[in-house]
Ligand code: FES
């Protein structure tokens, strides 16, 4: 009989047979539990048993252990459905955190308020991440998140730094990057990337990016990654209040080559389509016959993302069809 296993706090689920150890069962579902000895000695895999019954070899489940209900998944077998608590576990496709000291190769203005930052990982060290994830620059004791604007697989990394004269930390970061040869970073972070189940999405089904300001960085990395898969139905809606926020010609170049459908949308650009919140969802609904077939990635602040989501839900989109970093740090009020 198969048992259902739930790992908290990440909410990971997998099935286990009564005759297999929990690490092997998790691995079948793509879940990686940290292990070393695999025979119950090192305790590196140690979890807390919150609920359920396990079968563990004699001497490997110590009720007098200082932790409450310690469980060693490498030698334990489920005898019922289980709930475990375990931190050292990676969800399917999740990449372990790395700390890397990057060379700062260049800080180049793209517009009055946006700079391109080019970083280079040390020789022999590749920064591992999924397109759409972000890093944290570790500067003067602070942690500053930036979406990685380039697709993975190279030593070079690109960031887009928005600088607001009213924002002291953006000026601090710019000054640091302009005057230091290296910067330390922690990566990868973030849950917005095209998961394996989404990669199985038909490469002709619409993948729609709706971005504001430097939210373009996230879309850029993901679109460049999709070019590798020859995804044939990519759309980008770059929504801004002012024309100068459209700081890159790259989307136009992609569109001219027929690689994406591009909709630059501002309120004061005579060449661009007129921006209004209504227009975004109406345009998408007009262009895409079957809204249930699309996946949406929204990049911007909470107000922007939720207004887009509200508008698209009115057209029949389900929230499960949309990804955004906002959903993790600013959940929708009930
Ligand atoms: S991996 Fe060593 S005790 Fe489980």
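The values are calculated or read from the model by the stated rules, or taken from the named source; none is laboratory data. All figures in this text were calculated on a predicted structure; none of them were measured in a lab. Note that each Cβ is placed from the backbone with ideal geometry, even for glycine, and that neighbours are counted across all protein chains shown.
Here is the figure for the range 206-234: residues that are surrounded by fewer than 21 Cβ atoms within 10 Å (Cβ to Cβ) and either out of contact with any strand residue (DSSP E or B) (no Cβ under 9 Å at 6 or more places or on another chain) or in a loop (DSSP other than H, G, I, E, B) (or both) total 7. Counting the residues of the range 86-102 that are surrounded by 15 or more Cβ atoms within 10 Å (Cβ to Cβ) and not in a loop (DSSP other than H, G, I, E, B) gives 5.
One residue alone among 153, 124, 141 is on the phi > 0 side of the Ramachandran plot and within 21 Å of the chain's Cα centre (by Cα), and that residue is 153. Kindly indicate the residue of the range 28-42 that is exposed (fewer than 15 other Cβ atoms within 10 Å of the Cβ) and within 16 Å of the ligand (Cβ to nearest atom) and also farthest from residue 92 (Cα to Cα) among those meeting that condition. So, considering only residues that are exposed (fewer than 15 other Cβ atoms within 10 Å of the Cβ) and within 16 Å of the ligand (Cβ to nearest atom), the one farthest from residue 92 (Cα to Cα) is 41. For the range 312-334, give me each residue that is surrounded by 14 or more Cβ atoms within 10 Å (Cβ to Cβ), assigned to a loop (DSSP other than H, G, I, E, B) and modelled with pLDDT of 90 or more. Correct list: 317, 324, 325. Close contacts from the range 32-43, counting a first residue that is over 20 Å from residue 10 (Cα atoms) and a second that is more than 6 Å from the ligand (Cβ to nearest atom), with Cβ to Cβ under 7 Å and a gap of 6+ residues or different chains, come to 39/75; 40/57; 40/60; 40/75. Of all the listed residues (203, 246, 236, 250), the sole one being closer than 13 Å to residue 299 by Cα and either free of Cβ contacts under 8 Å to residues at least 60 places away in the same chain or outside the structural domain of residue 321 (by TED's automatic domain parsing) (or both) is 236.
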